[in-house]
Every structure is written in C-alpha cells, then in structure tokens.
Number of protein chains: 2
Amino acid sequence: MSHADSAAAGPVVLLPIVGIPEVAPGDDLGDLIVEAATASGIDMTSDDVLVVTHKIVSKAEGRILEVDPDDVDARHMVAEMEAARIVRRRGGLLIAETRHGFVCANAGVDASNLEPGQVSLLPVDPDKSARRLRARVRQLTGHAPALIITDTFGRAWRVGQTNVAIGVAGMLPVMDYRGSVDHFGVELKVTTIAIADEIAAAAELVMGKADGVPAAVARGVRYRRGRGNARALIRQPQDDLFR
Amino acid sequence: MSHADSAAAGPVVLLPIVGIPEVAPGDDLGDLIVEAATASGIDMTSDDVLVVTHKIVSKAEGRILEVDPDDVDARHMVAEMEAARIVRRRGGLLIAETRHGFVCANAGVDASNLEPGQVSLLPVDPDKSARRLRARVRQLTGHAPALIITDTFGRAWRVGQTNVAIGVAGMLPVMDYRGSVDHFGVELKVTTIAIADEIAAAAELVMGKADGVPAAVARGVRYRRGRGNARALIRQPQDDLFR
C-alpha cells in the first residue's frame, strides 16, 4: 500500500496551473506544464494527480483540423469520420461511440478554445498520451504524479456536461469497494467508484471552460497507484444496457 | 455578481466534516453538522458549499425501512415501490426512474451504511430538504453556504458510480457558458457544465464510501448563487434520447 493509499482522511486541494502558453503541434507539453507549475509555486509530488484537458494534448499531437468556419456540415462530417458507431442522432445533435469506445457528443470533435476554423479530435490513444506525459514529468521533476487526461462529456438523463477521464496513467481509475465493509460492518456489495472521473470533475472546478486553464494538480486524494488506464472506465457493450 | 462569482482563479479545497454521530429519525441534522464542523475547526461561510450525503438526510427524515436481511426479493420489492417507471431490468439489476425523475439503480433504495436489515429511500423532496437544512445552518451560524445533497449514481456507458447532486439550495446547479466567449474570443455555443454534480463528485473524494464521513465543505468554488434546485439537473423526457 503506497503513501497515497494510506493517508488519513484530510482535505483535498485542487490547484490550477496558470500560465501555460498556447500549445502548437510538436510542443513538449510536459516541459510547458512543469514550467508553468513551478512558476505557480506548485512542486508536484508522486502522490499528486496531474489533470490535463485533452485539448492541449490534441494540439501538441497535431490532432487539429482546419474546416470552413461557416460550414456547419463540414464539422459534422469530421464528427462522422471520427465515429465508430452512431448511437443516437437528433437534428444537429450526434451522440457517437468513438474508436476508443467512449460515447459522447460529436465523437469528441470540438471547436472551443481553438482558432476560428479549427476543430480538435481526441488523441488517438489517450492512455498512451497519459503514460508518455507522465514519463516526461518524471524525467523533468524526479516525481511521477498519477496523470489524467480529460474531456467534458454529456450524460444520459442529466442536464449539463461534466469533466471525465479519457486517459489515465499511474493510478487505478476505479475504486472497488466490493468485499469491503461499511461503517456498520456490512459488506458493500455493488459499489465501485469511478475515482478518476471524480478527480476530473473536481479539477474542472479550477480549470473552467472559458478560462484557458488547461491543467490542475489534485493533492490529498486517496487513490490507488498502479498501472491503470481509462479503457477500464468504458462499460463493455455486453454489460451496457444503453449502448 | 456575488463574491463567490467574482473570486479570481485560485485553489479549491474540500474539507471533510468528521465526527458527525449516528443520525436517527427526528434528529436536528443542521445542529449535528454545524457542531461537528466547528469541532473540526471549519467555520462555514456563505461562499462555501456544504455537501451532505442523502443517507443522513434520509435517516433524519425517517426514510428507512426494515426488511428481512436474508430476503433479497424484499429489497427488490421496495425498489419497485419507489420506482415511477422501470427503465431497464437485467437479472438482479433494476434501473428505474424515481418519482423525482432521477434515473438510477434500484430507484435509490440502498442498504449500505445502515443497520443490517434496513434500507434507505431517497428523501421525498431532496430540494426541500436542502433548503430546510441550509436555513437551519444559517440560523445556527449566521452564514448560508450553498447546499448540495448527494447520492452515488451509476452512468450509462461508463464503469463505476460517481457522486451527483439530488438536492440543491442557494446556488445554480448548471453553469451556462452559451453566449460567453472562450480564450480565443470564439463564442461557446453548447457548453453547459453541471457544476453541482462536479462539486458532489469532488466532495466524494473526502467523504469516501466506507469511511462514515457524510458531509464536506467545498471552499473556493466559483459558482453562481441563486434559487437553484436539483430538478434543473434532470433532462426532460422530450430532450432525452435514452429514457
């Protein structure tokens, strides 16, 4: 059991990493993030979780396309290209399953926080992006925080989007309480908590959609370190009653 | 624009409120929470968000039933009683819409963190419970933090549960960025963030499922104060492609 597991119940702090410059294809994202964190007075430790919006990962990886900004259909075509399967369609709204297995609007294609006329695609392999970025942070700082790459997804049945994990490295994304006992000594039978999604949601509170703060550090979270990935957060089609 | 709206980008802190005793029907929950918070050195302000798991609200409101602990069918019968509509059923798994409109497993009926043989029901009107509890906190402390009552719900398409808001008072649960501009001056067209759900998820990081910490304070969140409620988080059937 690592230190992050055994810490006593205490506060959790979300620290925004401000001052990350515009990211361009080929940029060394780890370097930009570590430099901004250091300038913000945030010295990352291996118990922290570094949370990064996929937008800057997609930019660094060149997953940006130019489309005619006045041509709504062009953006829809890109979304259909990115979709492995259309789950629902109504009017201009497309809910699609991506090649990774994520179910989200427009297969993750998005035009916000980009130059006019650009759209971003999700990283090809967000778990791999997370592992690579984590390795770079370790190389630069000597510390290896767990790493979560996020996107904001809508949900069935509930209004509004929330930030979720689409790439994970260095932690188990799901806390499995099955077999453990609750406060009354009663076995918890069916409870698994998607802790990586909860950390992603928490980080959004300091990143904000319109603020241009694309990364944050979550400190004090009791998570389990290990070789986890965000694919474990995708409900397999045979277990999914809504796919 | 209130102070909570205008605060500069800064850290968000989640503070667990430890030491809340077992709650019994008729207990003054506001008093128990304020006393434990004070003993924990947490002086709530009106900019804070007080997050409370529905379990202790249900207990205080007497929404507890006794069932034969060895009779799984009895628990299912209670869930069916609580359901306004069955959304999906497979084996022992029941996804139901509650009278409030929430879509969740077993219509919110749950046996964890209760005496063996007990099950809890959701509060009859969680928004009203939130308003009442907030009024009591204001009466006791002179401060009126926003208030969120939570439950952990599963999701379509994704593994694991996350904490969400089922009752809200003193804040708008959804941040609507439509019409505002992003970092590049491009209008954000479709982004609404379910901030009350993100705060609920963040609070779960310090409450924990097995820890018996049923309340937490979220400090530093830039939310909008106002007469919000959790019903606004329920996607209306005509807008819902998955109901």
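The values are calculated or read from the model by the stated rules, or taken from the named source; none is laboratory data. This one's a predicted model, so the numbers in the text were calculated from it and none came from an experiment. Here the Cβ is made from the backbone with ideal geometry for all residues, glycine too, and neighbour counts use every protein chain on show.
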Practice task
Only residues that are over 21 Å from the mean Cα position of the chain (by Cα) and outside any strand (DSSP E or B): list them for the range B:81-95, please.
Solution key: B:M81, B:G91, B:G92
Completion exercise
Taking the range A:136-172 and the residues there that are of a type in the set (S, T, Y) and buried (at least 23 other Cβ atoms within 10 Å of the Cβ), the one that is nearest to B:I166 (Cα to Cα) would be A:T162
Handout entry: When residues of the range A:96-149 are limited to those that are of a type in the set (K, R) and either under 15 Å from the mean Cα position of the chain (by Cα) or not assigned by TED's automatic domain parsing to the domain that holds A:R85 (or both), the one farthest from A:R85 (Cα to Cα)
Key = A:R138
Exercise for the section: Could you grab me the full set of residues in the range B:82-116 that are aliphatic (A, V, I, L, M), surrounded by fewer than 17 Cβ atoms within 10 Å (Cβ to Cβ) and under 19 Å from B:P237 (Cβ atoms)? Expected result: B:A84, B:I86
Practice task
Test B:V67 against the criterion of being at pLDDT 95 or above and surrounded by 15 or more Cβ atoms within 10 Å (Cβ to Cβ), and give yes or no.
Solution key: no
Exercise for the section: Select from the range B:196-243 the residues that are aromatic (F, W, Y) and at the interface with chain A (Cβ under 7 Å from one of its Cβ atoms) and list them in ascending order. Expected result: B:F242
Handout entry: Candidates B:V124, B:V119, B:V78 - the one that is assigned to a helix (DSSP H, G or I) and either in contact with a strand residue (DSSP E or B) (Cβ under 8 Å, 6 or more places away or on another chain) or surrounded by fewer than 19 Cβ atoms within 10 Å (Cβ to Cβ) (or both)
Key = B:V78
Exercise for the section: Residue by residue through the range A:96-113, note down the ones that are at the interface with chain B (Cβ under 9 Å from one of its Cβ atoms) and in a strand (DSSP E or B). Expected result: A:E97, A:V103, A:C104, A:A105
